[in-house]
Each structure stands twice: as structure tokens, then as C-alpha cells.
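Here the structure is laid out as C-alpha cells; the discussion comes afterwards.
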Amino acid sequence: MTNNNETAQNDNAKLSRAQTPKRPKHNFYRNVSGLNNKDTNLPLGEPKAISKEMVAAWMAEALEFEKKKSSEKTVKVSVSETNSPRINSNQTTQVINKLESKTKANKNLKVIFLGGVGEIGKNMTALEYGDDIIVIDSGLSFPDEDMPGIDLVIPDITYLKENAKKVKAIIITHGHEDHIGAIPYVLKDLNVPVYGTRLSLALIENKLIEHKIKFKGISVKAGQAFKLGAFNIEFIHVNHSIAGSVALAINTPVGLVVHTGDFKIDYTPISTPTNENRTTDLSRLAELGRRGVLLLLSESTNISRPGFTMSEQKVGEELDRIFNLNKTKRIFVATFATNTYRLQQILNIAEKYGRKVAFSGRSMVNVCETGIKLGEISVNKQNLIDIEKVGNYEDKELCILTTGSQGEPMSALSRLASDNFNKIKIGENDCIILSSSPIPGNEKMVSRVINALYKKGATVINDVLYGVHTSGHACEEEHKILHQLVNPKYLIPVHGEYKHMMVHKQLGVRMGMNPKNIVLPDIGHVVEVNQNFIKISEAVPSGSILIDGLGMGESDSVVLRDRLQLAEDGICVVVVGIDSITGEITSGPDFISRGLIYSQEIPDVVSEAKDVVISTIKGIDIKSTDISEVRNIIRRSLLSYFSKKTKRRPMILTIIIQN
């Protein structure tokens with residue numbers, strides 16, 4: 001380390017060896033002239049605050065060096081003091097602003113939304129600082145009605161693939177499908193570790209075994225912290241409808257970020273072997289709030305609901321009452337397979353009333369087996385029986401836990417309602433409890449299943465008339481508590497449709513936040529944040545990837561458009577044989593149509609369509625026209641005819657057989 005006198009001596013030594021000295025290099029991050037010895041070596045990436053005095057000293061040194069350089073030249077140039085550049089406050093301020101603008105570019109935290117905003121499900125958010133990226137959750141959503149044949153929808157991770165070397169890990173807040181469902185598809189492109197609680201990782205492992213993918217899962221308990229590049233991440237226990245749910249406290253170089261995950265505040269939570277009546281860790285959240293939280297990413301699903309979310313214990317009390325009232329009946333309970341606290345209560349109640357429990361549905365079996373293995377679910381194993389053996393017991397001795405609470409066509413409950421389930425037939429002595437509420441969009445399917453069950457004489461109980469379900473998401477008053485404790489400078493509502501996010505913003509404003517400090521992003525938006533500002537700065541490639549069996553495609557793919565056209569307008573195939581020399585029709589035209597013409601109209605429409613094809617071919621010079629163009633001409637003629645005749649635009653396939 002050298003001081004200013006030593007620097008000057010070195011400069012003089014160099015001048016004695018050369019007529020024109022080299023200009024000294026000034027690096028404000030490593031060797032800033034004009035500072036004390038202790039400040040002259042600043043590590044790269046950790047810039048010292050640049051004062052006006054530092055810049056003035058540097059500019060004075062530079063000016064002095066220029067004078068020396070000019071005086072050493074063979075041709076002397078006299079520079080008067082009045083013409084020499086002067087250092088004033090405006091120049092100093094300009095230099096400081098310029099230098100700060102360069103350093104600020106590396107100081108901003110980027111929050112990149114690849115899913116979970118403006119929608120329910122498909123949660124995926126990335127935090128980027130410098131050369132480090134961490135990904136929070138990797139979920140899926142289920143297809144809409146305008147996605148025929150599609151099984152699943154996952155986020156587009158093009159940006160992550162393009163920056164794969166920066167991605168340090170995927171961090172999972174809990175084990176629901178809308179947070180882990182896309183993991184098997186993401187890990188095919190990103191070879192990174194996955195951090196989560198034990199149950200979350202076990203559920204992910206079950207998925208990856210099916211996909212034959214190996215992964216590095218790192219188990220973290222609530223209260224533990226770990227470091228990934230520029231980020232220090234701490235898991236914080238929260239209440240939700242599945243064990244092992246956590247919020248995240250993420251220390252970044254620009255400040256502290258809190259991500260709530262999915263949460264609620266339940267003061268009377270269900271006790272399990274690994275979770276003894278633990279409520280959301282409000283004391284830790286309050287401690288973080290006292291330290292100062294720069295940014296809060298908070299879920300918004302139930303933000304529009306007033307009051308507090310009902311405690312899970314209340315559901316257990318109602319289920320106990322229903323079991324007591326239906327002692328002689330066979331009882332079915334349909335619920336979400338991943339609602340481990342609900343499963344625990346049902347198992348406890350069934351044992352209380354002397355009922356054996358059978359699991360129906362693959363996901364129900366997998367989750368229960370995994371939960372029992374990890375100690376997240378406690379059960380007397382002698383009280384469990386195989387679904388195949390329910391015929392060996394009387395109705396009053398049975399409780400069947402099943403999937404299908406959302407009316408999914410292939411679920412166990414749907415198959416029971418349609419008499420498509422071996423060993424079990426629904427009858428008048430059955431009581432079926434739907435311990436869930438329909439996900440938006442599933443209401444019709446759920447209603448269809450309920451109607452079918454009623455027709456078979458069963459008693460059906462749902463959350464509309466009975467308190468047999470509660471949400472795992474916080475309502476308005478719980479959000480107020482969280483905001484008061486965390487007291488963030490900036491807020492980004494997540495995990496909700498735009499209407500939920502807007503209501504969340506309004507709540508933040510009522511809690512005293514500046515509206516300018518609350519950002520409502522869309523999928524693909526990049527939000528940049530530091531201590532001075534928050535803004536949407538750019539957009540990255542984003543959207544939805546459709547999973548169709550073993551295939552994958554984008555939401556605007558030709559395959560999906562063709563399916564929608566087939567569903568709306570049908571298809572018509574025309575086959576015609578043409579002599580390639582004379583242009584005469586040698587066979588046909590023959591028509592095959594599906595979803596286009598009603599049976600009573602077929603003779604007339606087909607006859608007219610044949611005339612259209614024949615007259616079109618007669619108007620074509622076959623010898624000089626390419627065969628593909630002939631197909632297009634016939635297709636356009638038929639499309640015009642069907643459009644006028646049926647007011648539809650079917651998919652038309654033209655097959656020409658050349659003789």
C-alpha cells in the first residue's frame with residue numbers, strides 16, 4: 001500500500017526515464033488517489049462511498065499531471081492560470097453522479113416473475129443479483145376450458161435456461177402442486193439442487209421417480225438458514241394446509257426480502273408428531289420487521305375475504321359431529337390429498353369411532369404413505385386396510401379417504417359416482433363428505449358428481465351447508481397483522497389474479513404505505529429494487545408451456561389451435577383422383593366429415609360440396625399447376641362453400657390421388 005508521497009516519487013522516477021510518461025490509472029474501487037492509507041485499497045464489488053473531497057483530490061491530481069506532461073514536451077506550451085480548467089462544485093457533482101450511476105447498475109436486485117402473478121397457480125419467481133439467481137417455487141396449473149387435451153400447464157423458463165450458469169438452486173416453500181408440480185420438467189433443463197422441508201422434498205422425490213430423474217434435495221428446517229451466492233435464506237414456519245410450509249427471509253446486498261409463501265395465522269393449529277401446535281412464527285417476522293424489511297412478496301389468494309380464516313380445529317369438530325350422527329353408515333371423505341392436517345384429523349376421528357380406514361386414489365395413497373413414513377402423519381397402522389378388502393367389513397366399520405373433491409373425471413370419487421369403481425358401489429347407506437371447496441372453474445364438475453351421488457341415494461355433505469372445510473390462505477385481518485409486523489418499505493402482491501393483487505395494494509395503502517412503493521407485476525416482468533426505488537424495468541421471455549402426454553408446446557402452438565378449430569367447427573376430408581395429363585377426375589370426390597354436418601343434412605350438403613369440387617377442378621390447368629396449389633384451390637373453394645352453408649369454417653384436408 002502506498003501513500004501520496006510515494007506515488008509522487010514513483011511518478012518522478014518514471015518521468016526521468018521517459019520524455020512522455022504514461023497516464024496513471026485511477027480505479028475508484030481498488031486504488032483511489034487522495035485517500036488515506038487505510039482507504040486506498042477497496043475490494044472490487046464493494047465500492048466505498050465516493051465523497052466530493054475524494055473526487056476533487058483526484059481531479060486536482062489529474063490536472064497537475066497534465067501540467068507536468070505539457071512542460072516536459074520539446075515544444076513548450078504556456079498555459080495561463082485563467083485558461084486552465086478549474087474544479088467547481090458542479091463538475092464534482094457531475095462526476096459523482098456519473099460514477100454512482102455506474103455502480104448502481106450492479107446494486108439493483110431483480111425480481112423476475114415467471115408465474116403466479118395475475119393467476120392462481122403456476123408459481124415461480126426468480127431473484128437475481130449480479131451473477132447469482134435463486135428460484136422460488138416451481139409450480140403448475142391445470143388447463144382451462146380452451147385447452148382441449150392438455151394435461152398440465154407449467155411456466156416458460158427460457159430466461160432461466162439462457163442464464164443457467166447463474167442459477168444456484170430452487171427453493172420450495174411447500175409441497176402443493178402449484179408450487180412443486182413443474183419440478184420434473186424444470187430439472188430436465190436446470191441441473192441445480194432443490195432446498196425445502198422434508199415433506200416437500202419427499203413429495204418431489206415421488207414425482208421424479210416416475211420421471212426417472214435424479215436430483216439433489218437439501219432438507220432445511222424452519223429456523224435454519226443457508227447461503228447461496230449473494231443470498232442468505234432463512235426458513236420461517238407458517239401455518240398452511242400442508243405440513244412443512246415456510247416463509248422465506250432472504251438477505252440480499254440491497255436489503256432484506258420476505259416471501260410469505262402460502263400462509264394463514266391459525267392460533268389453534270393441529271398437532272402432529274413433528275409440529276406440536278406451532279402457529280405462524282409471528283415473533284420472528286416481527287423481529288425482521290424491527291430490523292427493516294426492504295421488500296415483501298405476499299400471497300393474495302384470500303385477501304378479499306374479511307375477518308380471519310377459520311381454524312383447522314373447527315373443521316375437526318364438525319367432522320366429529322357428522323361421524324357421530326352417521327354411526328351406522330359407511331362414510332367417505334373426499335379432500336385434497338396434500339392437506340395433511342385434515343388427513344390427520346380424519347384418521348383420529350375414524351379411530352375414535354372404531355372405523356377402519358382405506359385410501360382410494362393414487363395421490364392419496366402416495367401422500368399418506370410419505371407422511372406416515374416421515375412422521376408428519378400419526379396413525380395406528382392396524383387401523384389401515386387395503387381398498388380391496390372393504391367388502392370384508394360392515395358399513396359402520398369403514399371410513400374411505402378418497403381423492404376427487406374437485407370432480408376430476410378420472411378421480412376415485414368420480415368413478416364411484418359413475419359406477420366405474422371395482423369392489424365398491426354407492427348406495428343409500430353411504431354418507432359422502434366433500435371436505436373441500438371447489439377451485440374456481442371446477443364448480444360444474446363438482447356439481448355433476450354431487451348430482452350423480454344423490455341419484456344413487458347417498459347423503460352428500462359439503463362446505464356450503466356444513467363447516468367441513470377451511471382455507472389454508474390468510475384473510476384480510478391476517479394480512480393486516482403480517483403487514484404491521486413486517487412493515488416493509490416496498491410491497492409486491494403475488495399468488496393471485498389481478499383483482500386479488502389490486503385489493504392487496506389497496507390494503508397496503510390503508511396500512512400507510514406509499515402507493516408508489518407497491519408494484520403489481522405481470523408474468524415476464526422484471527422488477528428492479530434497491531433502497532432508493534422500485535420499478536418495472538423490462539420483460540423477459542415468459543408464458544405457459546403445455547404438457548400434453550409426453551409432448552410439450554407453447555400456449556399459442558399450432559396443435560392447440562387445430563384442436564380448438566376441430567372442437568368448434570369440425571373437420572372435412574375430401575379425396576379425389578385426377579389424371580395428371582388430362583386433368584379429368586378419375587375417382588370421387590368422396591367426403592368424410594366429423595362435427596360439421598348433422599345426419600339429416602348429410603345427403604344434400606355432400607352433393608353440393610361434390611359439385612363445388614368438380615367445378616373447381618375443371619377451372620384449373622392441371623398440367624401447368626403444382627399439385628400443392630391444386631389442393632389449396634380446392635380447400636379454399638370448399639371453405640367458402642361451408643362458410644356460406646353452415647356459418648362455420650371447418651378444418652379441410654384435401655387428398656389428391658394422381659393417376
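Does segment 291-329 hold any residues that are of a type in the set (A, V, I, L, M, F, W, C) and either closer than 19 Å to Leu465 by Cβ or not in a strand (DSSP E or B) (or both), and which are they?
Val293, Leu294, Ile303, Phe308, Met310, Val315, Leu319, Ile322, Phe323, Leu325 - these are the residues of segment 291-329 that are of a type in the set (A, V, I, L, M, F, W, C) and either closer than 19 Å to Leu465 by Cβ or not in a strand (DSSP E or B) (or both).
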* Tally of residues being surrounded by fewer than 16 Cβ atoms within 10 Å (Cβ to Cβ), free of Cβ contacts under 8 Å to residues at least 40 places away in the same chain and outside any loop (DSSP other than H, G, I, E, B) across segment 607-625 -> 7
* Index of the failed condition, Glu478 passing every other in (1) assigned to a helix (DSSP H, G or I); (2) charged (D, E, K, R); (3) within 16 Å of Gly116 (Cβ to Cβ) -> (3)
* To do: Kindly indicate whether Ile171 is touching a Phe, Trp or Tyr at 6+ places or on another chain (Cβ under 9 Å), buried (at least 24 other Cβ atoms within 10 Å of the Cβ) and more than 30 Å from Ala567 (Cβ to Cβ).
  => yes
* Taking Leu453, is it at pLDDT 90 or above, crowded, with 19+ Cβ neighbours inside 10 Å and outside any helix (DSSP H, G or I)? -> no
* So is Asn191 out of contact with any helix residue (DSSP H, G or I) (no Cβ under 7 Å at 6 or more places or on another chain) and of a type in the set (S, T, N, Q) or not? -> yes
* Asked: Is segment 273-292 home to any residue that is among the basic types (Lys, Arg) and in contact with a helix residue (DSSP H, G or I) (Cβ under 8 Å, 6 or more places away or on another chain)?
  -> no
* Is at least one residue of segment 257-272 within 27 Å of the chain's Cα centre (by Cα), open to solvent by 10 Å² or more (accessible area, probe 1.4 Å) and among the hydrophobic types (A, V, I, L, M, F, W, C)? -> no
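Answer yes or no: is there a residue in segment 230-248 that is acidic (Asp, Glu), closer than 30 Å to Ile270 by Cβ and open to solvent by 10 Å² or more (accessible area, probe 1.4 Å).
From segment 230-248, those acidic (Asp, Glu) are 234; that's our starting set.
Those still in the list that are closer than 30 Å to Ile270 by Cβ too: 234.
The next check asks that each one be open to solvent by 10 Å² or more (accessible area, probe 1.4 Å); those that pass are 234.
Scanning segment 230-248 turns up at least one residue that is acidic (Asp, Glu), closer than 30 Å to Ile270 by Cβ and open to solvent by 10 Å² or more (accessible area, probe 1.4 Å).
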* Asked: What are the pairs, 6+ residues apart or on separate chains, where a residue within segment 584-599 that is at pLDDT 75 or above and assigned to a strand (DSSP E or B) has its Cβ under 6 Å from a residue that is open to solvent by 90 Å² or more (accessible area, probe 1.4 Å) and of a type outside the set (Lys, Arg)?
  -> Thr586/Asn659
* Can you name every residue in segment 456-472 that is more than 30 Å from Thr280 (Cβ to Cβ) and open to solvent by less than 20 Å² (accessible area, probe 1.4 Å)? -> Ala458, Val460
* **segment 119-130, subset part of a loop (DSSP other than H, G, I, E, B) and over 16 Å from Val526 (Cβ atoms), residue nearest to the chain's Cα centre (by Cα)** => Asn123
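It is to be established whether one or more residues within segment 183-191 are touching a residue at least 60 places away in the same chain (Cβ under 8 Å) and either open to solvent by 10 Å² or more (accessible area, probe 1.4 Å) or within 21 Å of the chain's Cα centre (by Cα) (or both). Before the answer, list the steps.
Narrowing segment 183-191 to residues touching a residue at least 60 places away in the same chain (Cβ under 8 Å): 185.
Going one step further and asking which of them are either open to solvent by 10 Å² or more (accessible area, probe 1.4 Å) or within 21 Å of the chain's Cα centre (by Cα) (or both), we end up with 185.
Within segment 183-191 (the criterion being touching a residue at least 60 places away in the same chain (Cβ under 8 Å) and either open to solvent by 10 Å² or more (accessible area, probe 1.4 Å) or within 21 Å of the chain's Cα centre (by Cα) (or both)), the answer is yes, since at least one residue qualifies.
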* Just one of (1) more than 27 Å from Asp562 (Cβ to Cβ); (2) part of a helix (DSSP H, G or I); (3) not aliphatic (A, V, I, L, M) trips up Ser643, so point out which. => (1)
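With the structure loaded, tell me whether Glu428 is over 23 Å from Asn239 (Cα atoms), out of contact with any strand residue (DSSP E or B) (no Cβ under 7 Å at 6 or more places or on another chain), in a helix (DSSP H, G or I) and at pLDDT 90 or above or whether it fails that test.
Working: over 23 Å from Asn239 (Cα atoms): yes; out of contact with any strand residue (DSSP E or B) (no Cβ under 7 Å at 6 or more places or on another chain): yes; in a helix (DSSP H, G or I): no; at pLDDT 90 or above: yes.
In short, no.
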* **Enumeration of residues in segment 423-450 that are in contact (Cβ under 8 Å) with a residue 40 or more places away in the chain, of a type in the set (S, T, N, Q) and surrounded by 13 or more Cβ atoms within 10 Å (Cβ to Cβ)** => Asn429, Ser435, Ser436
* To do: Examine segment 490-499 for a residue that is in a helix (DSSP H, G or I) and either open to solvent by 10 Å² or more (accessible area, probe 1.4 Å) or touching a strand residue (DSSP E or B) at 6+ places or on another chain (Cβ under 9 Å) (or both), and state whether such a residue exists.
  => yes
* Top-ranked residue of segment 503-519 - restricted to ones that are assigned to a helix (DSSP H, G or I) and of a type outside the set (Lys, Arg), ranked as nearest to the chain's Cα centre (by Cα) -> His504
* **Pairs where the first residue, in segment 253-265, is within 12 Å of Leu127 (Cβ to Cβ) and at pLDDT 95 or above and the second is in a strand (DSSP E or B) and of a type in the set (Ser, Thr, Tyr), C-beta under 7 Å, 6+ apart** => Pro253/Tyr129
* Matching option when the condition is open to solvent by 40 Å² or more (accessible area, probe 1.4 Å) and at pLDDT 80 or above, among Ser555, Ser640 -> Ser640
* Mind telling me which of the residues Ser587, Ser628 ends up being among the polar types (S, T, N, Q), in contact with a strand residue (DSSP E or B) (Cβ under 6 Å, 6 or more places away or on another chain) and open to solvent by less than 60 Å² (accessible area, probe 1.4 Å)? => Ser587
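The values are calculated or read from the model by the stated rules, or taken from the named source; none is laboratory data. Here the structure is a predicted model, which means the values were calculated and not measured. Backbone-built Cβ (ideal geometry, glycine too); neighbour counts: all protein chains shown. The protein model used for the area step is the full one, side chains on, heavy atoms only, and it has no ligands, DNA or RNA in it. Shrake-Rupley method; radii C 1.70, N 1.55, O 1.52, S 1.80 Å.
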